[in-house]
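Each value in this text was obtained by applying a stated rule to the coordinates, not by laboratory testing. From a predicted model like this one, the values you see are computed outputs, not experimental measurements. Neighbour counts run over all protein chains shown; Cβ positions are idealised from the backbone, glycine included.
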């Protein structure tokens with residue numbers, strides 16, 4: 001496994017983190033790391049899905065945040081399910097008891 005940075009195709013300009021992954025069937029694939037920042041190192045385990053980054057050449061997979069060694073995005077409020085962030089306690093509604101058991 002190797003973590004590196006690539007640049008997208010012609011009209012776009014950025015530095016996108018990607019990781020070269022050794023799958024359980026001994027094949028190597030390149031996967032995009034979504035979101036801001038990551039904590040991946042050389043021997044980290046990740047779960048990948050078949051949705052890649054469209055403007056990165058040769059990248060047909062994407063890592064799933066919040067599973068195994070890839071941490072969720074810190075401070076994410078919107079679209080949390082994509083980046084593996086749990087709902088903050090402030091936003092949770094308290095359940096109201098409708099019937100009281102005596």
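Among the residues of the range 12-25, is any closer than 29 Å to residue 91 by Cα and in a loop (DSSP other than H, G, I, E, B)? No, that holds for no residue.
Residues in the range 47-74 that are closer than 23 Å to residue 11 by Cβ, in a loop (DSSP other than H, G, I, E, B) and either under 13 Å from the mean Cα position of the chain (by Cα) or in contact (Cβ under 8 Å) with a residue 60 or more places away in the chain (or both): 51, 52, 53. Taking the criterion of being in contact with a strand residue (DSSP E or B) (Cβ under 8 Å, 6 or more places away or on another chain) and buried (at least 16 other Cβ atoms within 10 Å of the Cβ), would at least one residue in the range 79-101 satisfy it? There is no residue in the range 79-101 that is in contact with a strand residue (DSSP E or B) (Cβ under 8 Å, 6 or more places away or on another chain) and buried (at least 16 other Cβ atoms within 10 Å of the Cβ). When the range 26-36 is filtered for residues that are in a loop (DSSP other than H, G, I, E, B) and surrounded by 10 or more Cβ atoms within 10 Å (Cβ to Cβ), the ones remaining, listed by number, are 33, 34, 35, 36. Of all residues in the range 1-46, those that are more than 18 Å from residue 82 (Cβ to Cβ) and under 15 Å from the mean Cα position of the chain (by Cα) total 7. Just one of (1) out of contact with any strand residue (DSSP E or B) (no Cβ under 8 Å at 6 or more places or on another chain); (2) free of Cβ contacts under 8 Å to residues at least 12 places away in the same chain; (3) exposed (fewer than 10 other Cβ atoms within 10 Å of the Cβ) fails for residue 15. It is (1).
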